[in-house]
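Novice: Structure provided below as C-alpha cells; questions to follow.
Values quoted throughout were computed directly from the atomic coordinates according to the rules given, and no laboratory measurement underlies them. Quick caveat, the model's predicted, so the values are computed rather than measured. Positions of Cβ are generated from backbone atoms using ideal geometry, with glycine treated the same way; all protein chains shown enter the neighbour counts.
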Amino acid sequence: MKTRIRELRKERKMSQEELAMAVGTTRQTITSIEVGKYTASLVLAYKIAKFFGKTIEEVFDFSDLEDN
Amino acid sequence: MDEYKKVLKGRLILLAICTLVALAAVILGFRFSEEFTVRDSAAGSSAGEFVLGLFTAFCALLLAYIARHVRALRSEAALKKMYISEKDERKRFIRQSALGKSFFFTTGALVVGATVASFYNETVAFTLIAVLCVHTLAGAVFKIYYLKKY
C-alpha cells in the first residue's frame, strides 16, 4: 500500500526513529510501511494520521482497494 | 508504563526462579552425570552431556534476559524502548506467522522429553534432540523469511 508518510515526515524534518517513538512502534515498522512491504493496522494508521494532523485517507492511499 | 513495570518485575522473579532451577540442574548434572547417564555405545558421547550443555546455554540465555530486564527497570528510555519493541504490531505479526502459538510449547516439550530420555535411552534422547534442532532451525528460517518479507 502506498503512503505519504515519508513525504509528511520530510516536511517536518523528522527521522523514522522519531516518528516511531511518537506513535509507539519500531523504526523497522515505519520503514516497512513507507516502502509498502507492511500494511499498518487500523490502530497504527490512526495514530500516524493523528500525529500528522490528517485523516487516514490523507496519509494512506486506498486507491488499489477501490479498483477491486 | 507503571503497569508494564509491574509486569517486568513479575517476569524478573519468574526468570530468577527459572535460572536457579536451571543452575541447580547444571550443577547436579555435572556432579552426578557419570552415575545417571546411559551410554549405548562405548566410545560415543552421551545424550545427557548434550542436555547438560543445553541447560548451560539456557542458563546463559536467562541471565542475559535478566540483565535486559534490570536495565529496562533502571532507565525510563530503555523501558520505553523495550515496551515498544514488545508491543510492536509488525514483530507480533511476524512471530505469529513464522512460529505460531505452539512453537514454544513444542520446543519446551522436546527439551523436557530429551532430558528425561537421556536418563533412560540414548537413541530416543538423540532422536528428540535431532527433532528439536530441526524444529528450532525451521522456526529460525521462517522468522528470517518473514522479516525480509515484511
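Novice: Name the residue that is surrounded by the most Cβ atoms within 10 Å (Cβ to Cβ), counting only residues in the range A:12-41 that are more than 14 Å from every other protein chain (Cβ to nearest Cβ) and in contact with a helix residue (DSSP H, G or I) (Cβ under 9 Å, 6 or more places away or on another chain).
Specialist: In this case the residue turns out to be A:M14.
Novice: Applying the selection to the range A:42-67, what residues are within 14 Å of chain B (Cβ to nearest Cβ) and touching a strand residue (DSSP E or B) at 6+ places or on another chain (Cβ under 7 Å)?
Specialist: Residue satisfying the conditions is A:A45 alone.
Novice: Do you know which residues across the range B:62-90 are away from chain A (no Cβ under 12 Å) and charged (D, E, K, R)?
Specialist: B:R68, B:R71, B:R74, B:E76 - these are the residues of the range B:62-90 that are away from chain A (no Cβ under 12 Å) and charged (D, E, K, R).
Novice: For residues that are surrounded by 16 or more Cβ atoms within 10 Å (Cβ to Cβ) and under 14 Å from B:A125 (Cα atoms), scanning just the range B:91-113, find the one that is farthest from the other protein chains (Cβ to nearest Cβ).
Specialist: Top of the filtered list is B:G113.
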